[in-house]
Amino acid sequence: MSLFSRRRALRLGVDTTLGYVALGAFGGQSLFAQGDEPHFFINVCVAGGVDPTYWFDARPNDMTDGGLVSNYLYKTADAPGDDAAGKRIEYIGKNGGRCLRTTLTEPLMKFRDEMTVINGIVMNGVGIAGHGQNMYTLYTGKNVGGYNSWVPMIGAKNKSPIESVHVGGWKGDGNQAPKNFGGSVQLDGFSSMKLFEDIKESAVFDMADPTAKFLLDRYAARAGLGDAFALGSQAVADGLTNAPRLNASLIEAANAGGNTSQNGALANATVMTHRLFAGNVTSSVTIMMDRDMGSSFDIDSHSGSIARNLPVNYAEIIKDIIGLIDYLKANEYKNGKSLLDVTTVMVSSEFGRPYRQVGMPIWTTGTDHNQLINSMLLFGKGIQGGNVIGASDMETLDAIKPENVSGAHKACEPMSAQGGACIMPMGRPFDFETGQATAAKPETFKLTDYLSINSVTNTLLRQFGYTDDKLFRDPDGKQLPTIEKHLLKNV
């Protein structure tokens, strides 16, 4: 019986689940040249908008006592707070950067020397606060769709058979795949495990099979006619030509190890990522971690009822992140190196949160969107562990007064410009030479004065070998600076 049956040929033509027909651009090269050190990337995006004040950008409890900052670790009613749960702990990085962290972060302290915290990241300072717009900003540097994402660029640089794998949905306000997602695929965290079991039983893809040769010849002939359909025919022909390489990688991935004592979508996605890396199927994975992955948490906390559950939800998210890092440390890639030794991990979200909602009691308020601030955690290969980079403003009762807030901040938060309460913390101006936030209070907002998401993602692109001409720029076309000497090793 033919290994390349008519039914299988038809499935190949319409089922791009693992990108068979998107391989033409990558040739027949191996993922890593002989002797090269492998380098993988995982982005865990905690979708919904993480409130940094529950993690590594906390505020003193007297700001909650003063009715300014919601903090359900500490106060859930108009009564004395829970000082033990709500305790704020000073956290000083090896680089001298500082922040306040919450008791929720204590389990992460076992990774202190391997983890760097980045605070005060400005997403977009032009008043666009939607989930989708800031997801676009996170991945493409633009607040609308139709632009290239840096995640597939990492896989393309490594010449992966599949440039990137996206686990989960595209979250927020009709968000969609980036422009350069043609060489990538989207998978579900649960069903992908069944997919690998099916691959174990599949036949080897044989391009010498007469049916395969016939299809390749037909597509190749049609590709030379110079019209739009010819472009698609060429893509299919290229994909067929390189499908054996991907087929072999998938079979290797399906038979790779990988197990976890945890349950849930992130744990399944972690094991799947292990297999994808072990089989050299891809070198770049995004895990969109949210309630739609089968998790129960909801951090889009506009209502007080959701906000009151944030301590429980964030504790669960942190537990899952620890499970991911523990797994990467405990499982070998090759030659005595753990998966974490060869993988850079970034934990991110699309934006942060304001202090509270106006007009609501501090013990029942929810929180809305804040694109002026974000926080991230980075682990693994090439990361200078133990640092705290960046900071946010309005960290004390006095600093939150409108007369003490910078003109640049007021330009981004209209409420404060009108003399009302300042409720949206913002990243502080950043000195890219020293790697420290500054006390400057500029009168006008310029993105280049701040640690923006573009500077973080530009740094990751530099880590994977991209030159300045490929990095994100500001709206005026100016090169946005990187933080590579403060975040990366050996720079």
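Report the full-extension gain for the segment residue 65 to residue 490: residue separation times 0.36 nm, less the Cα-Cα distance, to one decimal in nm.
Here the answer is 148.5 nm.
Normalising by the residue count of the range 310-417, find the relative contact order in percent from Cα pairs under 8 Å and 6+ residues apart.
It rounds to 18 percent for the range 310-417.
Could you name the lysines in cross-link range of residue 334, using Cα to Cα under 29 Å and dropping any fewer than eight places away on the same chain?
Within reach: 110, 157, 159, 194, 200, 319, 381, 485, 489.
What residues of the range 446-467 lie in the reach of a label at residue 337, counting those whose backbone N is under 16 Å from a point 7 Å from the Cα along Cα→Cβ?
What the label zone holds, given the 16 Å backbone N cut-off, is 463-465.
Multiply the residue separation of residue 77 and residue 448 by 0.36 nm, subtract the distance between their alpha-carbon atoms, and state the gained length in nm to one decimal.
129.4 nm
Based on the mean of other Cβ atoms within 10 Å per residue, sort peptides 309-321, 149-161, 332-344 so the most packed one is first.
In decreasing order of mean packing, 309-321, 149-161, 332-344 become 149-161, 309-321, 332-344.
Please compute the length gained on full extension between residue 432 and residue 179, using 0.36 nm multiplied by the number of residues separating them and subtracting their Cα-Cα distance.
88.0 nm
For residue 386, what is the net charge nearby, where nearby means another residue's Cβ is under 14 Å from its Cβ and Lys, Arg count +1, Asp, Glu -1?
Value of the local net charge: +4.
Taking each pair of different alpha-carbon atoms in the range 380-456 once, compute 1/r for the pair, average those values, and report the inverse of that mean as the Kirkwood hydrodynamic radius in Å to one decimal.
Here the Kirkwood hydrodynamic radius works out to 13.4 Å.
Run down the aspartates and glutamates and flag those whose C-alpha is under 16 Å from the C-alpha of residue 87, throwing out any fewer than 8 positions away in its chain.
Within reach: 57, 62, 65, 106, 395.
Could the peptides 213-221, 470-478 be put in order, highest first, of the mean number of other beta-carbon atoms found within 10 Å of their residues?
213-221, 470-478
Computed from the coordinates by the stated procedures, all read-outs in this text should not be read as laboratory data. Everything quoted here is computed from the prediction, not taken from an experiment. All Cβ positions, glycine included, derive from the backbone under ideal geometry; neighbour counts span all protein chains shown.
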